[in-house]
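Throughout, read-outs are computed from the coordinates displayed, never taken from laboratory work. These figures come from a predicted structure and were not determined experimentally. Positions of Cβ are backbone-derived with ideal geometry, glycine not excepted, and every protein chain shown enters the neighbour counts.
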Amino acid sequence: MLLYLLLGFWLAFTVYCFWFFFMAKTLQPLTWDNLALTWRLHKQQTGCTASRVHSLLTRNDEVVGFKCWCGYEFSQRRLITQRVLKPRVSKTPLSLKVAMTLEEKR
Ligand SMILES: [Zn+2]
């Protein structure tokens, strides 16, 4: 019985870690250049004829995506593990920092 519990726990933990590193994504601010480029690409790929963007998706006063008149929605997402890390001097050991990040996300 205990063995099954333990196995279940480890399975859940493994799946969670996998999700955290490979699936969890955050919204990233989009520059106007990027926005224009992405929209042009969308029009090219889908044959969309909209002459302008329907609305902009914002979060924390930053543009993170757009919505087209055709219903297409784009938001810039990046894997958490791909986030650009600012070089920062810290006395916290890396393993502890990772554990703290995991706690915050729970
Ligand atoms: Zn469109």
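Would you confirm whether or not the range 60-71 contains a residue that is of a type in the set (Lys, Arg) and part of a helix (DSSP H, G or I)? No, the range 60-71 contains no residue that is of a type in the set (Lys, Arg) and part of a helix (DSSP H, G or I). Listed by first and then second residue, the pairs linking a residue in the range 47-76 that is closer than 16 Å to Leu30 by Cα to a residue that is within 14 Å of the ligand (Cβ to nearest atom) and of a type in the set (Lys, Arg), with Cβ atoms under 6 Å apart and 6 or more places separating them unless they lie on different chains, are Ser55/Lys67; Glu73/Lys67.
Filtering the range 46-59 to residues that are assigned to a strand (DSSP E or B) and either out of contact with any strand residue (DSSP E or B) (no Cβ under 9 Å at 6 or more places or on another chain) or surrounded by 12 or more Cβ atoms within 10 Å (Cβ to Cβ) (or both) leaves Val53, His54, Leu56, Leu57, Thr58, Arg59.
Within the range 1-50, the set of residues being of a type in the set (A, V, I, L, M) and within 21 Å of Trp69 (Cα to Cα) comprises Leu30, Leu35, Ala36, Leu37, Leu41, Ala50.
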